[in-house]
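Encoded as structure tokens, the structure appears first; notes follow it.
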Amino acid sequence: MPIRKPHLISIVIMMALLVTSGCSSNGNQPNTPPSDSTGNAANNGQATVNEPAPNQANNTTKPATGTGNTAGEQPDNQGQSNQPAEDDGTNSTTTPSENTTAPEPDSNAATDPQPVKKLYKMNKVYSFVPIDKATTSNKVVLLTFDDGPKEDKMVSSLLDTLDKHKAKAIFFVNGYRVKKHPELLKKIADRGQTIGNHSWDHIDLKKESQASVKNQIEDVQQIVKEVVGTEPQFFRPPFGNGNDYVKGLVRDHGMLYMTWSNGSLDWDSSTKDKPDKVIANVLEQLHPGVNILMHELPWTTEALDTLLTKLESKGYGFIDPATIDLGLAEQPQTAK
């Protein structure tokens, strides 16, 4: 059927509208502003895919701590993760000297002396016997030197000779001499030798009042402690003279009272300037455990090396005073 003209015009208009409507919908997307799509991407959590993280946007004013960062990395965090472990002192393989956070050693543990096993005790005649005869030799002597400290030359010579023979001794000192030469007392102690109390003035204590005896003994305890830090644990009365009060006071101060059992007679005129005579006197009285009395004198100093060599050749050793049991728990006495 032939299409009427009015109808044809209507169809053409409708087709034109359809074409126009399709073209218009296809052209809207390219004309959308870029900022809209970017904003939508940020809102949808997609910014980290194609854009640097916020901190990296400031790289022009704050340089990154690392190099070669990829988009989205945090420079500060990267620097922390790459920090060497030893820099913060937490590396478990770091030695104590390298670990700056290691605790300081206990000062008391470093300075407190370890207890020394007691090996010998003194008998009634002032000689020494082993506490355990099965494990400790009785073929030993105790070396002692009285009336010092006098002169550096003699003190140093005695110390050098003792060191040479790996021997220990007790130096029984007078207070007035210590007051004059505290540096010599300190040298004796610093060289590992033992300090003993020999009264302040080297007087016969049996002839003194109790008050005088107290001063003679206690003043030496005090000055020795001031110089070397510890009080003597051994006491020898001048001339070997004491009484019950002296012995009790000595015990009250934690000291072992002794005289001697082998006198070198180096103080006697018969041995003056005669080192060989000093040596002979000691060897004539030699027996296990003897307590040898000598003095800080030039001829004794000269004789000592030979004397110790002869004692060693006879199989004798030297008692370390630190190994002597003071016996203070036995038969306690109280100063009268």
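The values are calculated or read from the model by the stated rules, or taken from the named source; none is laboratory data. Keep in mind it's a predicted model, so treat the numbers as computed, not measured. For neighbour counting, all protein chains shown are included, and Cβ atoms are generated from backbone atoms with ideal geometry for every residue, glycine included. The area values use the complete protein model at the heavy-atom level, side chains included, leaving out ligands, DNA and RNA. Shrake-Rupley method; radii C 1.70, N 1.55, O 1.52, S 1.80 Å.
Taking segment 316-330 only, how many residues are open to solvent by less than 80 Å² (accessible area, probe 1.4 Å) and outside any strand (DSSP E or B)?
Of the residues in segment 316-330, 9 are open to solvent by less than 80 Å² (accessible area, probe 1.4 Å) and outside any strand (DSSP E or B).
Hey, among N91, N108, N99, which residue is modelled with pLDDT under 95 and open to solvent by 80 Å² or more (accessible area, probe 1.4 Å)?
N108
What number of residues within segment 282-315 satisfy the criterion of being exposed (fewer than 15 other Cβ atoms within 10 Å of the Cβ), charged (D, E, K, R) and in a loop (DSSP other than H, G, I, E, B)?
Counting residues in segment 282-315 that are exposed (fewer than 15 other Cβ atoms within 10 Å of the Cβ), charged (D, E, K, R) and in a loop (DSSP other than H, G, I, E, B) gives 1.
Show the residue pairs meeting these rules: Cβ distance below 7 Å; 6+ apart or different chains; first residue within segment 256-267 and small (G, A, S); second residue in a loop (DSSP other than H, G, I, E, B) and surrounded by fewer than 18 Cβ atoms within 10 Å (Cβ to Cβ).
These pairs meet every condition: S261/V125.
List, please: which pairs have Cβ atoms under 7 Å, are six or more places apart or on different chains, and start with a residue in segment 186-207 that is on the phi > 0 side of the Ramachandran plot and end with one that is surrounded by 19 or more Cβ atoms within 10 Å (Cβ to Cβ) and polar (S, T, N, Q)?
What qualifies is S199/N174; S199/Q216; H202/N174.
Filter segment 249-272 for residues that are open to solvent by less than 60 Å² (accessible area, probe 1.4 Å) and among the hydrophobic types (A, V, I, L, M, F, W, C); which is nearest to the chain's Cα centre (by Cα)?
M255
Among the listed residues D160, D146, D190, which satisfies the condition of being among the acidic types (D, E), under 26 Å from G317 (Cβ atoms), modelled with pLDDT of 95 or more and touching a strand residue (DSSP E or B) at 6+ places or on another chain (Cβ under 8 Å)?
On inspection, the qualifying residue turns out to be D146.
Out of E330, E296, I need the residue that is modelled with pLDDT under 95, closer than 21 Å to R236 by Cα and among the charged types (D, E, K, R). Which one?
That would be E330, the only listed residue that is modelled with pLDDT under 95, closer than 21 Å to R236 by Cα and among the charged types (D, E, K, R).
Mind telling me which of the residues G72, G79 ends up being modelled with pLDDT under 60 and either under 30 Å from E330 (Cα atoms) or assigned to a helix (DSSP H, G or I) (or both)?
G79
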